Amino acid sequence: MTIIERLEEKVTRQESKVARETEKLAAYKEQLETAMFATFKRRQSISHMSFEEALDHAFGKERQFDDSEFRKDEMSE
């Protein structure tokens with residue numbers, strides 16, 4: 001077996017591994033999104049928080065609202 005043939009086999013094996021890991025990653029991402037959304041829905045349903053507050057709490061982000069952009073949109077309507 002030549003070095004080229006060995007390298008071709010290694011490349012083929014690695015491509016196969018990458019494909020399997022990519023599928024696993026997609027499944028994990030989907031599970032994470034599902035869990036995050038379920039957490040959000042649960043917290044929103046049992047909380048006095050507003051929709052925005054619950055969304056920020058569930059996803060761990062503070063969203064900044066630029067009201068100058070909002071005013072521009074209102075003025076253009």
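Quick note: the coordinates plus some simple rules give every number you see, no bench work behind them. The structure displayed is predicted, hence computed values, not measured ones. Note: ideal-geometry Cβ built from the backbone for every residue, glycine included; neighbour counts use all protein chains shown.
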TODO: Could you please report the charge total around M1, scoring K, R as +1 and D, E as -1 over all other residues with beta-carbon less than 13 angstrom from its beta-carbon?
DONE: -1
- [ ] For K17 and Q44, compute 0.36 nm times the residue count separating them, minus their Cα-Cα distance, and round to one decimal in nm.
- [x] 5.7 nm
- [ ] With a cut-off of at most 12 other beta carbons within 10 Å, and DSSP calling the residue loop, which trypsin sites (Lys or Arg not before Pro) in segment 1-61 qualify? Please list them.
- [x] K61
